[in-house]
1. Would you be able to say whether some residue in segment 18-30 is touching a helix residue (DSSP H, G or I) at 6+ places or on another chain (Cβ under 9 Å), surrounded by 15 or more Cβ atoms within 10 Å (Cβ to Cβ) and under 26 Å from residue 371 (Cα atoms)?
2. Just to be sure before I move on: is residue 104 more than 11 Å from residue 46 (Cβ to Cβ) and surrounded by 15 or more Cβ atoms within 10 Å (Cβ to Cβ) in the structure I sent?
3. Quickly run through segment 384-393 and pick out the residues that are more than 28 Å from residue 48 (Cα to Cα) and either crowded, with 21+ Cβ neighbours inside 10 Å or within 27 Å of the chain's Cα centre (by Cα) (or both).
4. Are any residues in segment 59-96 in a strand (DSSP E or B) and either out of contact with any helix residue (DSSP H, G or I) (no Cβ under 8 Å at 6 or more places or on another chain) or at negative phi (or both), and if so, which ones?
5. Do we find a residue being free of Cβ contacts under 8 Å to residues at least 12 places away in the same chain and farther than 16 Å from residue 193 by Cα anywhere in segment 268-281?
6. Of the residues in segment 197-238, how many are surrounded by fewer than 17 Cβ atoms within 10 Å (Cβ to Cβ) and within 24 Å of residue 52 (Cα to Cα)?
7. Output the qualifying pairs, or none if there are none: Cβ atoms under 6 angstrom, residues six or more apart or on different chains, first residue in segment 137-159 and over 13 Å from residue 229 (Cβ atoms) and not assigned by TED's automatic domain parsing to the domain that holds residue 224, second residue at pLDDT 90 or above and surrounded by 15 or more Cβ atoms within 10 Å (Cβ to Cβ).
8. Name the single residue that is nearest to residue 321 (Cα to Cα) among those in segment 382-401 being outside any helix (DSSP H, G or I) and free of Cβ contacts under 8 Å to residues at least 40 places away in the same chain.
């Protein structure tokens, strides 16, 4: 890998992102953790932004190990399909559920219910499955789930709270799929996109049985001012599931693995990495203010990371939408960061969603170099005004600083790197 002095800011930041993404893919990860083949069928089910890539990788490893062809169905986001030989791939909407996701979920639940004691159910789960596997509980319609999901996305609620509500509205999540597949043997493979890698939080845990408390879900809705009809509250209270066992759980890729890979790439380029963690949460602009202050201190004093260095972090920030602009949480974070450190000598940054889609736009995120504020002024752009309007996309698009990867077919949450040299 080239030394950082041989690369411009964009080259260094892009290399760090590439290293993180490579570590997040499932390719080759199944080889050392395949289950024993069953007497009966091998049924592959799953959902998420990385589900198709995971299915293709599992098929390759399974056949290479000398086992018979699997069967099954996974659902992924539109545009995230991957060629598979045996497992069917269906595409559906994310982040707001649609009829295609509900139909796929009905089929997945039926396949699970049809598994017998001699069968093996392989469940592949990655971020995004909560919306993609949208099978409403009895008494709840898809329109109800869509409306509540939209409200949650705009509320500023943390991902853990959103997943708690999603489970309470689902016929398939929170261990309900595992219950349907019994008595078949089951194994779950995960690509984590949640802070702390809690299996029950990834995709709302369809195969991770847990005792449900409907009153907690109702309290979350109330806390964030999301009104629901009495019939929905009744449906949530009726949709309980007991704790139990859903079989072994294997983590194929996690945010920490991505950050570790980026840190190794930084060292190879002659940079000192400082990894702040993979579970940083909070309002994007507030997180940016803290990390920006840290970067400025490092630039001036060589602490908490010496120059040349890079501050790495992951986790999922949130955005409370007040304006009418465009852009996801990474563009929001980076625009807020630019208002803090923009123009500081030697400070550059990148922030991207590792699934390749930041919010609802076509970019993974954005990046900037020390010249960002001067470039904005020359273009007649006001960073503070764009931030107030939640328009990070418009700001970085005008300056040619968007990062466009296309769908990566994985998801280990957000990746942020602040370069100080």
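1. Yes.
2. The answer is no for residue 104.
3. 386, 387, 388, 389
4. Once the filter is applied, which keeps residues that are in a strand (DSSP E or B) and either out of contact with any helix residue (DSSP H, G or I) (no Cβ under 8 Å at 6 or more places or on another chain) or at negative phi (or both), segment 59-96 yields 71, 73, 74, 75, 76, 77, 88, 89, 90, 91, 92.
5. Within segment 268-281 (the criterion being free of Cβ contacts under 8 Å to residues at least 12 places away in the same chain and farther than 16 Å from residue 193 by Cα), the answer is no, since none of the residues qualifies.
6. Total satisfying the criteria: 1.
7. Note: no pairs meet the criteria.
8. 382
The values are calculated or read from the model by the stated rules, or taken from the named source; none is laboratory data. No experiment lies behind these values; they were computed from the predicted model shown. Using ideal geometry, Cβ is built from the backbone for each residue, glycine included, and neighbour counts are taken over all protein chains shown.
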